[in-house]
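Here's the structure we're looking at; comments come further down.
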Amino acid sequence: MKNFSTSTHSSFLLRYFGMSMFAGLLFCAKPVYAENEQLTKLMLTNNCLACHQIDKRKYGPQFYEVAEKYRGDSSALEKLAAKIKAGGAGVWGEDMMPPQPHVSDANAKIMAELIMALKPAK
Ligand code: HEC
């Protein structure tokens, strides 16, 4: 009896720990705006997190910087949506972004919009 209750307890703890790690990964951008949450989910399902974070430079540029760079550029949405699918190089340094053919046109457009809507916490 004692053993039984100990093991349920620890597997509950493990599961709880696992879930908070996952939530932490999803929502580590602070403060969490609704747009960031939606963008983070899309980044997760479209495999962008391997190279990008919203608020930290990784292999690719952080998305706050991308938003800043193109602020006021009326063609930015189209350019970014196209680049999200086609990849490319030469804008942020030596590294190149490989094409992302798994991303749907609709998701590329939504992510471009969400990136351009980012406002860094000051
Ligand atoms: C293998 C790594 C990698 C993956 C995966 C990746 N990127 Fe990139 N991304 C890069 C690199 C490197 C750059 C910088 C390219 C350059 O300098 O032109 C970049 C640049 C960008 C830019 C800025 C483009 C510009 O011209 O200023 C956006 C927006 C972007 N990525 C979005 C995404 C999205 C959305 C995804 C997921 C569908 C994604 N990336 C997946 C590496 C990656």
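Name the residue that is farthest from residue 95 (Cα to Cα), counting only residues in region 45-61 that are aliphatic (A, V, I, L, M) and more than 6 Å from the ligand (Cβ to nearest atom). Going through the qualifying residues, I end up with 54.
Check whether at least one residue in region 30-46 is modelled with pLDDT of 95 or more and not in a helix (DSSP H, G or I), and report yes or no. Yes, region 30-46 contains a residue that is modelled with pLDDT of 95 or more and not in a helix (DSSP H, G or I). Of the helices (runs of 4 or more DSSP H) lying entirely inside region 56-120, the ones with 3 or more residues being free of Cβ contacts under 8 Å to residues at least 24 places away in the same chain and either on the phi > 0 side of the Ramachandran plot or assigned by TED's automatic domain parsing to the domain that holds residue 40 (or both) are found at 76-86.
Please go through region 93-107 and pick out each residue that is within 7 Å of the ligand (Cβ to nearest atom) and buried (at least 16 other Cβ atoms within 10 Å of the Cβ). Passing the criteria: 97, 100, 103.
The values are calculated or read from the model by the stated rules, or taken from the named source; none is laboratory data. As the structure is a prediction and not an experimental result, all values here were calculated from the model. Reconstructed Cβ throughout: ideal geometry from the backbone, glycine too, with neighbour counts over all protein chains shown.
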